[in-house]
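The values are calculated or read from the model by the stated rules, or taken from the named source; none is laboratory data. Since we're looking at a predicted model, the values are computed, not measured. Cβ placement follows ideal geometry from the backbone for every residue including glycine, while neighbour counts extend to all protein chains displayed. These area figures cover heavy atoms from the full protein model, side chains too; ligands, DNA and RNA do not enter into them. Shrake-Rupley method; radii C 1.70, N 1.55, O 1.52, S 1.80 Å.
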2 protein chains.
Amino acid sequence: MKTINLAVIGLGNRGRDVTKGTLLKMDDVNIVSVCDSYEDRAQEIAKEIAEKRGETPPVFTDYKKALEVKGIDAVVIFTSWESHTEIAVYAMQKGIPVGSEVGGEYAMDNCRRLVSVYEQTKTPYMFLENCCYGKDELLATAMARRGLFGQIVHCAGAYAHDLRSEVAWGIENRHYRYRNYLHRCCENYPTHELGPIAKLLDINRGNRIVSVTSVASKAAGLHDYIQEQKKSKTVPDYMQNAEFAQGDIVTTILKCAGGETITLKLDTTLPRFYSRDFTVRGTKGMYEQATNTVFLEGVHPEKYFDPVRSYQELINNATEYEKDYLPELWKKITPEEMSTGHGGMDYFAYRAFIEALKTKSDMPIDVYDAASWMAVSVLSEQSILQGGMPQAMPDFTSGNWQTRKRKDVTEL
Amino acid sequence: MKTINLAVIGLGNRGRDVTKGTLLKMDDVNIVSVCDSYEDRAQEIAKEIAEKRGETPPVFTDYKKALEVKGIDAVVIFTSWESHTEIAVYAMQKGIPVGSEVGGEYAMDNCRRLVSVYEQTKTPYMFLENCCYGKDELLATAMARRGLFGQIVHCAGAYAHDLRSEVAWGIENRHYRYRNYLHRCCENYPTHELGPIAKLLDINRGNRIVSVTSVASKAAGLHDYIQEQKKSKTVPDYMQNAEFAQGDIVTTILKCAGGETITLKLDTTLPRFYSRDFTVRGTKGMYEQATNTVFLEGVHPEKYFDPVRSYQELINNATEYEKDYLPELWKKITPEEMSTGHGGMDYFAYRAFIEALKTKSDMPIDVYDAASWMAVSVLSEQSILQGGMPQAMPDFTSGNWQTRKRKDVTEL
C-alpha cells in the first residue's frame with residue numbers, strides 16, 4: 001500500500017487536532033470519510049481537508065454509514081469514551097483495521113468483546129496511546145532496558161491536568177467528560193501514565209496486572225471552581241446545582257504477577273500544573289519525571305539526608321542521559337514532527353499505526369494492551385464503590401502472557 | 001519547675017544523637033538515669049554526660065529499675081519500636097510523664113492500651129514526631145491555615161530514605177530494623193509523613209482516619225544490595241541467605257471522615273535520595289515539597305501543558321513564601337538550635353515537650369495522635385496480608401473527635 005485511506009470518526013477537540021495537526025501532514029494518508037454525531041464538526045473538518053487536499057470527503061453523522069465508503073483502508077476513532085469499543089468492534093467485524101484513541105472502559109464485557117472480536121477476525125487494532133511515545137518515558141524505558149536501574153520493582157504515574165474549565169463547561173462545549181464527572185467516580189483516564197509503565201513492565205508479555213485497588217477523595221474542586229466562576233460570569237443553573245460524583249484525586253494501586261506495584265493518580269479537578277509524574281524504581285537506580293532526575297547506585301552519592309532538600313544540587317539531571325540513551329526516533333525528530341501535537345508524541349503514535357498498516361506488521365500497542373489498560377477504569381469504579389476493595393484483573397490473554405514476547409514501541 | 005530531671009531509655013543511634021545533640025544542650029534539662037539493654041551503650045552516654053555536666057548518672061539495663069531513681073520528672077523513650085508502648089504504659093502507670101520516640105505499632109491492643117492508661121492516669125504523654133516541626137511542613141500548614149489552598153482534599157507524603165546499609169547489616173549494628181524487615185511487610189514507619197498531615201487535617205480534632213489500604217511491591221532491594229556487598233566485603237552467611245518479607249515500596253491510602261485522602265509511601269530499600277514528599281492539595285492551590293513548589297489559583301498561570309516539563313520555570317518557588325508565612329519559631333531559629341539534629345526539627349519537638357512539662361500544658365502531639373498514627377502500621381500489615389483489603393481505623397477518641405478543638409504544634 002502506497003497510501004492509506006482513512007475514515008475519521010469523532011471530530012471534537014482530539015479528532016480535530018489530530019486530523020489537522022498530524023494526519024493531514026502525512027503525504028501517504030488520505031482522509032476519505034469524516035463523521036461526527038454533531039454534523040457541524042464534521043462539516044468543518046471536511047472544509048479543512050478540501051482546502052489542504054483539493055477534495056471534499058463525504059460527511060456523515062452515523063459511523064456505520066461512514067464506514068460504507070469504498071476503499072477505506074482503516075478507521076481512526078476519536079469519539080466519546082463510551083463509544084470507542086462499539087465502533088472498534090463494528091469496524092473489526094467488517095474487516096476495517098482500527099486505530100482507537102484512548103480512554104477508560106465502563107464494562108468488563110466490552111474489554112472482553114474487544115479481545116474476542118479481534119481474535120475471531122484478526123483485523124488489525126492499535127490503541128493510540130501517544131504517551132507510550134513520550135520523550136521522558138522512552139528515555140527512562142531505554143535506560144531500564146539497558147539494566148541501569150537493576151531489577152524494576154515499582155513504577156508510578158499520574159494524569160495530573162487541570163481540566164476544570166473543560167469539565168465544568170462541558171454542556172456548553174459538548175464534552176463527554178461533563179456527564180462522566182457528574183455520574184461516576186473512578187480512575188476514568190488511566191492510560192496516559194499506565195501505557196508506558198505497562199510497556200516497560202512487559203504487561204501481557206511475560207507479566208500481567210493481577211489486582212486493582214482505588215480510593216477517591218471527596219469531590220470539591222469543580223464545586224469551588226463554579227462558585228468562583230459565578231463571580232465574573234453568567235453560569236447556567238444546571239451547572240450551579242451540579243453535584244459531581246468524581247472525586248478530585250483518585251489513587252489506584254495495581255499489583256503485577258512479577259511482584260511489581262504501579263501507582264496511578266487521576267488529578268484533574270484541582271488547580272495545578274500539568275504533570276505525568278512518570279517514575280521507575282529499581283534495585284540499582286531510579287528515574288523521576290517530576291524532578292527530571294536520574295539517580296544511579298555508585299554514580300550518585302549514597303545519601304542526601306538533612307535537610308530535606310539537600311538533594312536540590314542533584315535533581316534535574318536527566319537531560320544529561322539523553323545523549324547516550326534517548327531512542328533514535330526522538331534524536332531524529334524534525335521541527336515539523338514536533339509541531340504535530342503534544343511535542344511530537346502524536347506524530348510517533350499515528351506514524352506507528354500507519355507504518356504497521358502499510359507493512360502489515362503487528363501493532364505495537366494491541367488489543368490485549370487496550371483491554372487490560374481500559375479495564376483499570378472498570379475495576380477502579382468497583383473498588384471505590386466497595387470502599388477500596390481490591391479487584392481481580394481478568395487475564396485477557398488466556399494464559400498466553402506467559403509466553404508472549406516483549407514488544408517495545410521503539411521496535412520497527 | 002525550673003529544671004526537668006529526665007530518665008533516658010534506649011541509647012542506640014537515635015537515643016544517643018538526641019541526648020548528645022539536643023537534650024545536653026538544654027540548660028533546664030538534667031539527665032538523671034540512663035538505660036539500655038546493651039550496657040556498653042548506656043555506659044558510653046553516662047560518660048558523655050559526666051564530661052558535659054560533671055555528674056555521672058546511674059546506668060541501668062532494666063527500664064523498670066531506671067525509673068526507680070528518685071526525682072525523675074519525665075522519661076524519654078528511644079528504644080526499639082517493639083517496646084515503646086510497654087515502657088510508656090509502665091511509666092504512665094507510675095505517674096512519670098512520657099516523651100516517646102516514633103515508630104509503628106504491631107498490635108491494635110497496644111494502641112488501645114496507650115489510650116486507656118492515659119485516660120485512667122492522666123499522666124502527660126507526648127509523641128515526639130520531629131517532622132511535625134519540619135520547616136517545609138510548617139510553611140505549608142501555615143499557608144493552608146490562612147486559606148491559600150482553599151478547601152483541602154488530599155495530602156501525600158513519604159518516608160523515602162535509603163536504609164539498606166542500616167537494615168542489611170542490622171545484626172552487626174544491633175538494629176531492630178533487621179528483624180522487622182525480615183519478618184514483616186507493612187508501612188512500618190508511617191509517622192514522619194503522616195504526623196504533619198494529620199495535624200494539618202485536624203485528625204482526632206474535627207476529623208479522623210476511617211480506613212487504611214496498603215499494597216506492597218516485592219522485596220528485591222536488600223537482596224540485590226547484599227549481592228553487591230559480597231563483591232567487596234565479607235558478608236556473614238545469615239545475611240547471604242536472608243529472605244526479607246518487607247516489600248521495597250509500600251503504598252498506603254487513608255480515607256478521612258471529612259472525605260480527604262492521604263497517600264503514604266514507605267520507600268527504604270532501594271537506591272534514592274532522601275525525601276518526605278509532603279504534598280497538600282486544595283481547591284485553590286497546592287504545595288509540593290518534592291519540587292519545592294507553591295501553585296496558587298489566580299497567581300500562577302492556569303495551564304502548563306506541553307511539553308511535560310514546561311512548568312520548570314515555575315517550580316522551586318516555595319522559598320519565596322517563607323517571608324510571609326513561615327512560623328515564628330523557624331524565623332527565629334538560632335545556629336545552635338539548627339545544629340541539634342535534622343536541621344532543627346529535633347530541637348523544636350523536644351523543646352515543646354520540656355516546655356509543656358514545665359508549664360503543665362497539654363501536649364501538642366498527644367496519646368490519641370500516637371495511637372491513630374501508629375495503628376496505621378497494624379492495619380497496613382493486615383491489609384497487605386489480605387491482598388489490599390481496606391481496614392477500618394478504630395476511633396480512639398470514642399467520638400470525642402467531633403468536638404475536640406484544633407491544636408497546632410506552633411501554638412504555645
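Each row is one residue, and each column tells you yes or no for (1) at pLDDT 95 or above; (2) in a helix (DSSP H, G or I); (3) at positive phi; (4) in contact with an Asp or Glu (Cβ under 6 Å, 6 or more places away or on another chain).
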{"residue": "A:F305", "(1), (2), (3), (4)": "no, no, no, no"}
{"residue": "A:Y311", "(1), (2), (3), (4)": "no, yes, no, no"}
{"residue": "A:S377", "(1), (2), (3), (4)": "yes, yes, no, yes"}
{"residue": "A:I384", "(1), (2), (3), (4)": "yes, yes, no, no"}
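Please enumerate the residues belonging to region B:262-282 that are within 20 Å of A:D224 (Cβ to Cβ), surrounded by fewer than 24 Cβ atoms within 10 Å (Cβ to Cβ) and at the interface with chain A (Cβ under 8 Å from one of its Cβ atoms). Scanning region B:262-282 gives no hits.
Every listed requirement among (1) over 25 Å from B:T213 (Cβ atoms); (2) over 24 Å from the mean Cα position of the chain (by Cα) is met by A:K218 save one, (1).
Residue check: is B:T85 under 30 Å from B:P196 (Cα atoms), polar (S, T, N, Q) and part of a helix (DSSP H, G or I)? So B:T85 fits the description; yes. Tell me which of these B:W401 doesn't satisfy, since it passes every other one: (1) crowded, with 16+ Cβ neighbours inside 10 Å; (2) within 14 Å of chain A (Cβ to nearest Cβ). Of the numbered conditions (1) crowded, with 16+ Cβ neighbours inside 10 Å; (2) within 14 Å of chain A (Cβ to nearest Cβ), the odd one out for B:W401 is (2). Can you tell me which residue is nearest to the other protein chains (Cβ to nearest Cβ) among those in region B:203-261 that are under 16 Å from A:G282 (Cα atoms), surrounded by fewer than 24 Cβ atoms within 10 Å (Cβ to Cβ) and small (G, A, S)? Going through the qualifying residues, I end up with B:A220.
Residue-by-condition table, conditions (1) under 18 Å from the mean Cα position of the chain (by Cα); (2) closer than 29 Å to B:Y325 by Cβ; (3) not assigned by TED's automatic domain parsing to the domain that holds B:G10:
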{"position": "B:T141", "(1), (2), (3)": "yes, yes, yes"}
{"position": "B:A158", "(1), (2), (3)": "yes, yes, yes"}
{"position": "B:S165", "(1), (2), (3)": "no, no, yes"}
{"position": "B:I171", "(1), (2), (3)": "no, no, yes"}
{"position": "B:Y176", "(1), (2), (3)": "yes, no, yes"}
{"position": "B:H192", "(1), (2), (3)": "yes, yes, yes"}
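Within region B:316-362, if we keep just the residues that are open to solvent by 50 Å² or more (accessible area, probe 1.4 Å) and on the phi > 0 side of the Ramachandran plot, the residue that is farthest from the chain's Cα centre (by Cα) turns out to be B:N316. For region B:116-159, the set of residues classified as away from chain A (no Cβ under 11 Å), open to solvent by less than 10 Å² (accessible area, probe 1.4 Å) and over 29 Å from B:G21 (Cβ atoms) consists of B:V117, B:M143, listed by residue number. Would you confirm whether any residue within region B:16-34 is under 24 Å from the mean Cα position of the chain (by Cα), among the hydroxyl-bearing types (S, T, Y) and closer than 28 Å to B:Y181 by Cα? The answer is yes, given that some residue of region B:16-34 is under 24 Å from the mean Cα position of the chain (by Cα), among the hydroxyl-bearing types (S, T, Y) and closer than 28 Å to B:Y181 by Cα.
Considering region B:23-59, the residues that are assigned to a loop (DSSP other than H, G, I, E, B) and touching a strand residue (DSSP E or B) at 6+ places or on another chain (Cβ under 9 Å) include one that is farthest from B:V69 (Cα to Cα), namely B:M26.
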